[in-house]
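The values are calculated or read from the model by the stated rules, or taken from the named source; none is laboratory data. Nothing here was measured: the structure is a model prediction, and the numbers come from that model. Glycine gets a Cβ as well: all are built from the backbone with ideal geometry, and neighbour counts include every protein chain shown. Keep in mind that these areas ignore ligands, DNA and RNA; they rest on the heavy atoms of the full protein, side chains included. Shrake-Rupley method; radii C 1.70, N 1.55, O 1.52, S 1.80 Å.
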Number of protein chains: 4
Amino acid sequence: MQTNPHHILLIKCPDRAGIISTVSTLLFQNNLNIVVMKEFVDPVTNTFFARAEIAGKLSVTEIKKQLNQSFQHNSTVIDLKPSTKKSIVILVTKEHHCLSDLIIRHHFNELNAYIKAVIGNHNTLESLTAKFNIPFHHISIENKMHVEFEKEMLDTLKIYQPDYIVLAKFMRILTPEFVAAYENKIINIHHSFLPAFAGANPYKQAHKRGVKVIGATAHIVNNLLDEGPIIAQKTIPVDHEYSVEQMVKAGHEVEKSVLAEGLRLVLEDRVFVSDNKTIIFN
Amino acid sequence: MQTNPHHILLIKCPDRAGIISTVSTLLFQNNLNIVVMKEFVDPVTNTFFARAEIAGKLSVTEIKKQLNQSFQHNSTVIDLKPSTKKSIVILVTKEHHCLSDLIIRHHFNELNAYIKAVIGNHNTLESLTAKFNIPFHHISIENKMHVEFEKEMLDTLKIYQPDYIVLAKFMRILTPEFVAAYENKIINIHHSFLPAFAGANPYKQAHKRGVKVIGATAHIVNNLLDEGPIIAQKTIPVDHEYSVEQMVKAGHEVEKSVLAEGLRLVLEDRVFVSDNKTIIFN
Amino acid sequence: MQTNPHHILLIKCPDRAGIISTVSTLLFQNNLNIVVMKEFVDPVTNTFFARAEIAGKLSVTEIKKQLNQSFQHNSTVIDLKPSTKKSIVILVTKEHHCLSDLIIRHHFNELNAYIKAVIGNHNTLESLTAKFNIPFHHISIENKMHVEFEKEMLDTLKIYQPDYIVLAKFMRILTPEFVAAYENKIINIHHSFLPAFAGANPYKQAHKRGVKVIGATAHIVNNLLDEGPIIAQKTIPVDHEYSVEQMVKAGHEVEKSVLAEGLRLVLEDRVFVSDNKTIIFN
Amino acid sequence: MQTNPHHILLIKCPDRAGIISTVSTLLFQNNLNIVVMKEFVDPVTNTFFARAEIAGKLSVTEIKKQLNQSFQHNSTVIDLKPSTKKSIVILVTKEHHCLSDLIIRHHFNELNAYIKAVIGNHNTLESLTAKFNIPFHHISIENKMHVEFEKEMLDTLKIYQPDYIVLAKFMRILTPEFVAAYENKIINIHHSFLPAFAGANPYKQAHKRGVKVIGATAHIVNNLLDEGPIIAQKTIPVDHEYSVEQMVKAGHEVEKSVLAEGLRLVLEDRVFVSDNKTIIFN
């Protein structure tokens, strides 16, 4: 139906008067229609951010050239691309709930991404992926140096060249080298409302501390464990009747929901990363 | 501090290509800076809505003239005004919680409005307003025709000429004539998540129905009882242990919170009314 | 591991002093331990409700006999049963999200029920059930009287003898005769926060009304459309940017979550139905 | 109206079979009716907790004696008292929102406590308390040793002998000596969802970290800063558009709501403290 797909324009630049006028006039003069445009100026860094969905026939090269001429500031970042489906590879360990959720959405064409493959450091979830004809690679960490383990994963990822890597309860810490190879392209779900309970066993920590809310955090992975830019967070109430196991169970519901939401935002090109934070145009 | 106050520009017009370009260029050429601008196109009615906060010295008459020349469509609505504090008159009956909340915000300069006066059809809340030196008018409905009752209120309102009238748990129904005199200027808090439980005794209705959530709705009053455009809604969980009285008590917390939020949106000129619905630029 | 499964004791009777003493002493004298007990007295009807999880070896017949002797009031309802997994049959139409959610939970042994079969009035979801080896019965309504359609369903249900029937976005209205055959045994998910937007197309109704929250309701089906006892409800915020389609999409997330929660409560024998309302011991 | 006030019975003891039977039978034999009783067994520590509301005429000494005879375990804690209004003294600094909220509830007889006095280390809020005829003590920290400052507060508190001390945005850290003088009797509101952002300037920390939820925590004060037993927590969503100031403003709404809720639970004797956590019978 949609012969000319929409394009997504992302701009990040130092703020100054007239930016919206410049951009919108340039697009109008190229017979392009702004379906929706959202802007934000960070008053702390004086940075302008915008995301526009553009309808109309266009040459990406030509429009980008014109935009770059208009801005001419070397810290300006302009990105323009058709709003097409991305590809992902999902990394898992043993827990199924996030993977199941993504596979079902994928199967019914609701994910806005192609799941190219799943990599598991255990083979627990292989039978699930098999039902949906998704390639599964079992890359065990047993009897292996961590660097070797990651090398195998990187080699496998090279086959699929995914736009994004999704850590769907992948319980191993990735080295800075691995992360650097996919900068701002790795999305993780952490099972707590960060920065509370970073690291291992957050529900055990939460139970011990006696909190009255638990939660989950979808974030972009950087070199510092659980300290990357946060995309989405949600919390749910708990009380003294929750055992650690019941917190884990209740938490699973939030984890899969937050990961799905965070991933949607990333896949629709709605997330800017700036200064270890995210600006999200939803 | 703020020698040139910001101005708020509101535009509603049939959608067409180039609107953002036209508006933003016009403002830029007048040396005005768009602090923040948000747009929305209603795909059902093909209507464009925008709200911009504008910084810089301007003549309202001159800019409106230029904007009207640019649009030249007779269904276009352009509003431009300094972002100054509005005035309100609050109508109450006996329950204090919404009035208390607004008075405290007002006292500590957090309301973004001047409370000119409070009108009560009972005098229960007069002692509260007295503590804060807010004029209170007791206009009883006893021994009076409803038309006479409203006439007294309208006469009192004329003294204060408020920008908005706030029904803060005012338990009398206003006639179409009264409402027409303040079209889109009367904000009500209804003690249910409309359209559920319109009319009288919503908590009693909710208790009888055995719902597991209750809520509140801030809306603009029109001629149809509890059917005006909704500004804000919130719900909270309840269970079988709640008596009607406990629902009322829990509901009070939501009511005052939703009214404060809905009123804030109105007072900051963030609410468009269109087709019995609201478009809200927050 | 658990050689003596827990038993669930449910009591509903006219309230009077000493009930807890009577019950707890009777159980103690039978060497039974109350793992957890929750009570509620409805002050409107003066009815006592309790649910206890009981550990220890027991004869259901013997304990029930003793309890009945203690109460001797003919409106008393005493139920005692081992806390075993129930069986369900799921009815669907075309939408997958609730069925997918239940099938995944079932597959990973998290549902607390056996899915005996799925019945669809369309065959859209047959391929999904096939992946998980769950019998699917396509019972079309085409070229058929409604009574005939229901007869076929009832015949199929007779094969499976399910403890509960789950309407997982089953878009046909059941007759009082059908409902009577499974009194208080049919769980439905309605795609609105009832009593708002009962009947067809609730999201279209919600969009038209311009509400700022949407939601879902899990309830027990009775003869009156969407008016049965409510088990669970949840709402989520929406705004003017949501089209009907986006409301539907966002609503799916709530629907599957509320149905899963409502069903869990039913399957764990936590739900009393009384006077078209539910008392839930969670 | 209520000639015989309800009594609240609180029991904490090592778990064993028959406790409920023992307690409920003892009360029944004394012609006392259990209006509502809730229990919890902590499986980690094998501790039994219960709270009962008891109606009927009783001698506290006599019933406590009987109960102690029944339990005879030296780690058992039995508390029995009439459910009467408690008294509180509120400590503040400059921010009004929590104090305003409590004063309004107090004024309209909704607080379930007598506010005996307010102590401020600044005099900012004195004019507010004056309106409601609540004694205000300005105890400045200027030109004073901290120990001297606390001595003045302790002397003032001695006058009022409050059941609880409420820190309603009191921005000074109390010494272990002060806390020890009111063990488990000091309730604080912390402006973050602990354990995230303990210490100073939590909203600034939250803004810097780029979280998508902020929150507040009501907790009992112990010797470790912001590490006491948590009573209540709530979170609200935020996004990149929130400045620190806007987070503070939004946070105020949650803070006052969470403090009011936490305080209600304490004042109604619903909170057990055990092992740096709370068991709450609501």
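More than 14 Å from chain D (Cβ to nearest Cβ), more than 21 Å from B:ALA260 (Cα to Cα), open to solvent by less than 50 Å² (accessible area, probe 1.4 Å) and of a type outside the set (D, E, K, R): is that true of B:ILE54 in this structure?
yes
Conditions (1) without any contact (Cβ under 8 Å) to a residue 40 or more places away in the chain; (2) in contact with a helix residue (DSSP H, G or I) (Cβ under 9 Å, 6 or more places away or on another chain), marked per residue:
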| residue | (1), (2) |
| --- | --- |
| B:GLU126 | yes, no |
| B:GLN161 | no, no |
| B:TYR164 | no, yes |
| B:ARG172 | no, yes |
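What strands (runs of 3 or more DSSP E) lie completely within the stretch D:73-138 and have 1 or more residues being more than 14 Å from every other protein chain (Cβ to nearest Cβ), touching a Ser or Thr at 6+ places or on another chain (Cβ under 9 Å) and open to solvent by 20 Å² or more (accessible area, probe 1.4 Å)?
It comes to D:113-120, D:136-138.
Among the residues of the stretch C:22-41, is any closer than 23 Å to D:LEU32 by Cβ and in contact (Cβ under 8 Å) with a residue 60 or more places away in the chain?
Looking through the stretch C:22-41, at least one residue is closer than 23 Å to D:LEU32 by Cβ and in contact (Cβ under 8 Å) with a residue 60 or more places away in the chain.
What number of residues in the stretch D:1-11 are surrounded by 15 or more Cβ atoms within 10 Å (Cβ to Cβ) and at pLDDT below 95?
Total meeting the criteria: 1.
Among the residues of the stretch A:227-238, is any without any contact (Cβ under 8 Å) to a residue 24 or more places away in the chain, in the same structural domain as A:LYS116 (by TED's automatic domain parsing) and of a type outside the set (Phe, Trp, Tyr)?
Scanning the stretch A:227-238, I find at least one residue that is without any contact (Cβ under 8 Å) to a residue 24 or more places away in the chain, in the same structural domain as A:LYS116 (by TED's automatic domain parsing) and of a type outside the set (Phe, Trp, Tyr), so the answer is yes.
Scan the stretch B:139-158 for residues that are of a type in the set (Val, Ile, Thr) and more than 15 Å from B:PHE170 (Cα to Cα) and jot them down.
Filtering the stretch B:139-158 down to residues of a type in the set (Val, Ile, Thr) leaves B:139, B:141, B:147, B:156.
Scanning the stretch B:139-158 gives B:VAL147, B:THR156.
In the stretch B:224-245, which residues are of a type in the set (Asp, Glu) and either open to solvent by 30 Å² or more (accessible area, probe 1.4 Å) or at pLDDT 95 or above (or both)?
B:GLU227, B:ASP239, B:GLU241, B:GLU245
As an exercise: evaluate C:VAL166 against (1) in contact with a Pro (Cβ under 9 Å, 6 or more places away or on another chain); (2) open to solvent by less than 10 Å² (accessible area, probe 1.4 Å) and give the number of the one condition it does not meet.
Answer for C:VAL166: the failing condition is (1).
Out of all the residues in the stretch B:209-220, is one or more out of contact with any Cys (no Cβ under 8 Å at 6 or more places or on another chain) and free of Cβ contacts under 8 Å to residues at least 24 places away in the same chain?
yes
Return yes or no: is C:ASN31 open to solvent by 50 Å² or more (accessible area, probe 1.4 Å), on the phi > 0 side of the Ramachandran plot and not acidic (Asp, Glu)?
Judged against the criteria, C:ASN31 is a match.
Go through D:THR278, D:THR217 for me and flag whichever is outside any helix (DSSP H, G or I), among the hydroxyl-bearing types (Ser, Thr, Tyr), within 19 Å of D:THR93 (Cβ to Cβ) and at pLDDT 95 or above.
Details: D:THR278 fails: within 19 Å of D:THR93 (Cβ to Cβ).
The conditions single out D:THR217.
Working only within the stretch B:188-207, note down all residues that are within 8 Å of chain C (Cβ to nearest Cβ) and either touching a Pro at 6+ places or on another chain (Cβ under 7 Å) or in a helix (DSSP H, G or I) (or both).
Across the stretch B:188-207, the qualifying residue is only B:ALA196.
Please count how many residues of the stretch B:10-51 are away from chain A (no Cβ under 13 Å) and part of a strand (DSSP E or B).
From the stretch B:10-51, those away from chain A (no Cβ under 13 Å) are B:10-14, B:44-45, B:47; that's our starting set.
Within this subset, residues satisfying the condition of being part of a strand (DSSP E or B) are B:10-14, B:47.
Selection size over the stretch B:10-51: 6.
Residue under question is B:VAL221, and the condition is that it be more than 9 Å from every other protein chain (Cβ to nearest Cβ), touching a Pro at 6+ places or on another chain (Cβ under 8 Å), open to solvent by 10 Å² or more (accessible area, probe 1.4 Å) and farther than 30 Å from C:GLU39 by Cβ; does it hold?
no
Whether any residue in the stretch A:19-27 is within 23 Å of B:ASN46 (Cβ to Cβ), surrounded by 17 or more Cβ atoms within 10 Å (Cβ to Cβ) and out of contact with any strand residue (DSSP E or B) (no Cβ under 8 Å at 6 or more places or on another chain) is what I want to check.
yes
Looking at the stretch D:181-218, which of the residues that are among the polar types (S, T, N, Q) and under 17 Å from A:ILE214 (Cα atoms) is surrounded by the fewest Cβ atoms within 10 Å (Cβ to Cβ)?
D:SER192
Any residue at all in the stretch B:180-187 that is touching a Ser or Thr at 6+ places or on another chain (Cβ under 9 Å) and of a type in the set (Val, Ile, Thr)?
Of the residues in the stretch B:180-187, the ones touching a Ser or Thr at 6+ places or on another chain (Cβ under 9 Å) are none.
No, the conditions are met nowhere in the stretch B:180-187.
Does the stretch A:232-242 contain at least one residue that is part of a helix (DSSP H, G or I), more than 9 Å from chain D (Cβ to nearest Cβ) and of a type in the set (Phe, Trp, Tyr)?
Within the stretch A:232-242, none of the residues are part of a helix (DSSP H, G or I), more than 9 Å from chain D (Cβ to nearest Cβ) and of a type in the set (Phe, Trp, Tyr).
Taking the stretch A:246-282, which residues are at the interface with chain D (Cβ under 9 Å from one of its Cβ atoms) and open to solvent by 30 Å² or more (accessible area, probe 1.4 Å)?
Scanning the stretch A:246-282 gives A:ASP275, A:ASN276, A:LYS277, A:ASN282.
Regarding A:ASP269, is this residue modelled with pLDDT of 95 or more and at positive phi? I'd like the intermediate steps shown before the answer.
Working: modelled with pLDDT of 95 or more: yes; at positive phi: yes.
Criteria met by A:ASP269.
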